[in-house]
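The values are calculated or read from the model by the stated rules, or taken from the named source; none is laboratory data. What you are looking at is a predicted structure, and each value in this text was computed from that prediction instead of being measured. These area figures cover heavy atoms from the full protein model, side chains too; ligands, DNA and RNA do not enter into them. Shrake-Rupley method; radii C 1.70, N 1.55, O 1.52, S 1.80 Å.
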Amino acid sequence: DEESEPEWSHRAGEYGITDCFAVPMTFSNQQTYILGVFSTAPEGFDSAERRVIEEISNGIPQAIEAIETHKEALQYKEAIRQAGAAISITDVDGVIRYVNPAFESLTGYSEEEAVGSTHRILKSGEMEESHYEDLWNTVQSGNIFEEQVINKTKDGDRYIARQTISPVTDDDGEPEAFVAIQFDITDKLLREQRLSVLNRVLRHNLRTAVNVITGNTTLLRERVRSITRSNELP
């Protein structure tokens, strides 16, 4: 059963408590908690102290949610850092602000070298300018751009990547940043090309062998007919 005010006051007095101030705290998920503050001062809480406690109670949900958001951000950052795909993040002007280790490994550019630059450092000269215009117009419109691209490493080596660039938008749908993900498919394409060449060679050789067999069969058939006709002569 709930205690009456006199009973509560008597029990609180045993611990030297003279006053209690309870303030509700509501989080963004609409869950509400009560912050209870006790005082042992003879006069309890004055109006100024109550305002301070109310301000603290209003700030606690924001502080806790900020800590949780920070933890989530750290988890996402670690996931990006560990990702096998090359990931880079640029601002709205296309200036690189972050690259993960896979980006460094693929391109040969360290984080210190890449950050502050643009993706022009990867231009191989083999892509049409219309490719970059289409890319920029697409992501600035808030849409995802995906295409195969031929890039160049810091050492000048050519590589082929499947690239996806996604805008990060604000509440109004305006881009705030862009996330680029590159999957190196150079070896995959080389294997496919080699298999294609091997397939053509095998097919050519097989056709040649079949033609030879067919030709020999025809010659053999004619030879048999010739022998047969010779045997039939009186």
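Here are the numbers:
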read-out: For Lys71, solvent-accessible area (1.4 Å; no DNA, RNA or ligand), Å²; value: 120 Å²
read-out: Per-q log10 I(q)/I(0), the stretch 119-162, q = 0.21, 0.29, 0.30, 0.31 Å⁻¹ (Debye; single scatterer per alpha-carbon; no solvent); value: -0.71, -1.09, -1.12, -1.15
read-out: Overall dimensions of the stretch 21-120 by Cα: Rg and Dmax, Å; value: 23.2, 71
read-out: Area accessible to solvent at Glu146, 1.4 Å probe radius, in Å²; value: 110 Å²
read-out: Isotropically averaged projected area of the stretch 41-193, using the convex hull of Cα atoms (one quarter of hull area), nm²; value: 13.4 nm²
read-out: Kirkwood-based shape ratio for the stretch 61-151, expressed as Rg/Rh from alpha carbons; value: 1.05
